[in-house]
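Working notes, beginning with the structure itself.
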Amino acid sequence: MPEAHGQRYAHAVRAAQDSDAGDVPDVLIVGAGPAGCAAAIVLSQCGRRVLLIDRPAGARHALAESIPPSARRILSVLGMKDAADAAGFQPWLGNTVWWGGADPRVETFATGEAGHQVERARFDALLRGAAAEAGVTLRSGFVSDVTIPSLDQSRSGEPDVNGVSATIEADGHSSRVTARIVLDCSGRAGVIARRGLRVTETSHHTVALVGVWRAGPPWPAAQHGHTLVASHADGWAWSVPTTRDTRYVTVMVDPERSHLTRGASALGVYRAELQKVAPFSRWLDGATLVDGPWGADASLYGTHHHAGPGYLLVGDAGAFIDPLSSFGVKKALASGWMAAVTANTVLTTPSMRDAAVEFYERRERAVIRSFHSQTARYAAEAVGDGAHPFWPARLAVAPPDADAGDADEIDTTLLARDPDVLAALGDLRQRPQIQLRLGDRARIGLRSAIRGHQIVMDDHLFLPAWPEGVRYLRNIDLLLLLRLAPGCRDVSELYDACLRAHPGVALPDFLGALATLVARGGLQHEI
Ligand SMILES: Cc1cc2nc3c(=O)[nH]c(=O)nc-3n(C[C@H](O)[C@H](O)[C@H](O)COP(=O)(O)OP(=O)(O)OC[C@H]3O[C@@H](n4cnc5c(N)ncnc54)[C@H](O)[C@@H]3O)c2cc1C
């Protein structure tokens, strides 16, 4: 951690502990991992008083994890991008993949694009430094009990949203803090989630066994900065480099279907599993295991509700996605951002409470569904001849509507290949003139949406294809297009009109949005 960030964090913790009582915070956040820190920073940016509590680190092992290049945007919003770049993490340059018996696949990120291969303890310390810098009050302590009237069965009537409280154990003392809203950002521990909200995936369990290796003979230069991933008949393994000659190497084991539950030592199981991963055993030959192996639970779970009056479950506290995706940290940061916007809305506009909570619930579910569907696709590729139940069990996790998603999350890369959209685009290009009007089945109506740091009710376009309503596509305001299109005689006139309303609109985005509107029936040709 850069010195300045480390000092700010230590200072903020000391200051909070010295004052102890302090003012009543607007929001109490349990857990200062990616979700908790992101939520705390954004709430602080909104001018909210935040108390962020994390249990003492103790002797827990921290993992090394891959954070994708696409996370840079949210790191930037959190004021963390420069600190992450300066921290000296090994850049994540791509993946080398041996999957399902197919030939090895090398996926190198585009030039100039890199993620971070982070030791989580160091990365989390950076996040906490950024939170302290944003004005968040940090405290070290173990949150042992949270009282939330809306979850308390013994209370009746309309729940009181203004009164959550928690017990914090620190240095042999316990104290009670109150706040208006509490965010459970405690990850798998699920301080609030485990109060009857957590839904455990029962079809299979996964334990990650992690070891740290130092190179003997130098490892292949082509794999520097690459995450290595390999499947085999009854599991998979992956390796994250933290320096050129240090790698965390993890095997994923199903404890019910391996020797783990039958008395074998962790080291024995780890070495036996690594033997199954032919591409790894080659380069590990001559390397030294310098730490571990240790175990980490990587089993899936979800929740009955992500939010209710007075509380939100954020990041892994709400749901755990398969680590195969390498998106857990980004998902947690994004979830923290969304939770902050939701809490800020509830505090600013109490009448929006139910709409905001519903919005958060819907977004969290859509994100999780899409990750489950992605990992089910990887499982399908890995099944191979399917002799072992490890992979078939993992196919079943995605619900049938896994690809439906949220209208706000329309996958524009899929749209770019959609035959109807391509046909509409070709047709638009051929027409010397256009005469467009609102489609017969299109409807404009109100739906919740994010504007700045608030959830508001705003006009959206509803279509049979988009029953949940959509407003923006490729950053183009679809309602603007619907309004301008009928008055324009050709596509370039419509583009000019769009540019006048929103300077800087890119032509490919404009054409993509227009073609999609026509293909889905939002706009229809008069002739
Ligand atoms: C084996 C494995 C490999 C993974 N690999 C990757 C990867 O390569 N890339 C990736 O993006 N993601 C990866 N993930 C997922 C990633 O670790 C999580 O998704 C991410 O850490 C979630 O962040 P979070 O803030 O929600 O929870 P956490 O990071 O778990 O943070 C929770 C915080 O709450 C604190 N806490 C818990 N209980 C209490 C309490 N009672 N009182 C006070 N504080 C408490 C904890 O100390 C912790 O700081 C992996 C996960 C596993 C298990």
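Given a cut-off of under 8 Å on Cα pairs at least six residues apart, what relative contact order in percent is computed for the stretch 412-525?
37 percent
Please report the net charge: other residues with Cβ closer than 11 Å to the Cβ of PRO432, K and R +1, D and E -1.
Charge balance near PRO432 sits at +2.
List the residues, sorted by chain then number, that are 5 or more residues from TRP92 or on another chain and whose placed amide H is less than 5 Å from its amide H.
GLY115, HIS116, GLN117
How about the stretch 35-110: which trypsin sites (Lys or Arg not before Pro) there are in a DSSP loop, with at most 12 other Cβ atoms within 10 Å of their Cβ?
ARG60
Two-decimal Rg/Rh of the stretch 207-297 from alpha-carbon positions, Kirkwood Rh?
0.96
Say a site is exposed when it is one of the GluC sites (Glu not before Pro), sits in a DSSP loop, and has at most 15 other Cβ atoms within 10 Å; what is then the longest site-free stretch of the chain?
114-525
Compute the length gained on full extension between ARG214 and ALA465: take 0.36 nm times their separation in residues and subtract their Cα-Cα distance, giving the result in nm to one decimal.
85.1 nm
Indicate the helices, whole DSSP H runs only, in the chain that combine a mean Kyte-Doolittle hydropathy of 0.5 or more with a Cα extent along their long axis of 18 angstrom or more.
328-348, 507-520
Using a 1.4 angstrom probe on heavy atoms only, work out the carbon and sulfur share of the accessible area of the stretch 207-297 in %.
54 percent
What value, in deg cm²/dmol to 500, does the helix sum -39500 (n - 2.57) over DSSP H runs of n ≥ 4 give at 222 nm once divided by the residues of the chain?
It lands at -10500 deg cm²/dmol.
Tell me, what are the semi-axes, in whole angstrom and largest first, of the equivalent ellipsoid of the stretch 24-90 as set by the roots of 5 times the Cα gyration tensor eigenvalues?
23, 18, 9
What value does the stretch 412-525 have for Rg/Rh, both radii from Cα atoms and Rh as Kirkwood defines it?
0.95
Taking the Cα atoms of the chain alone, what are Rg (to one decimal) and Dmax (as a whole number) in Å?
My reading of the Cα-based Rg and Dmax gives 25.1, 79 Å.
The values are calculated or read from the model by the stated rules, or taken from the named source; none is laboratory data. A quick note: this is a predicted structure, and the numbers were derived from the prediction, not measured. FYI the Cβ positions are ideal-geometry reconstructions off the backbone, even for glycines, and counts take in every protein chain you see. Accessible surface is based on the protein model in full, side chains and every heavy atom, while ligands, DNA and RNA are left aside. Shrake-Rupley method; radii C 1.70, N 1.55, O 1.52, S 1.80 Å.
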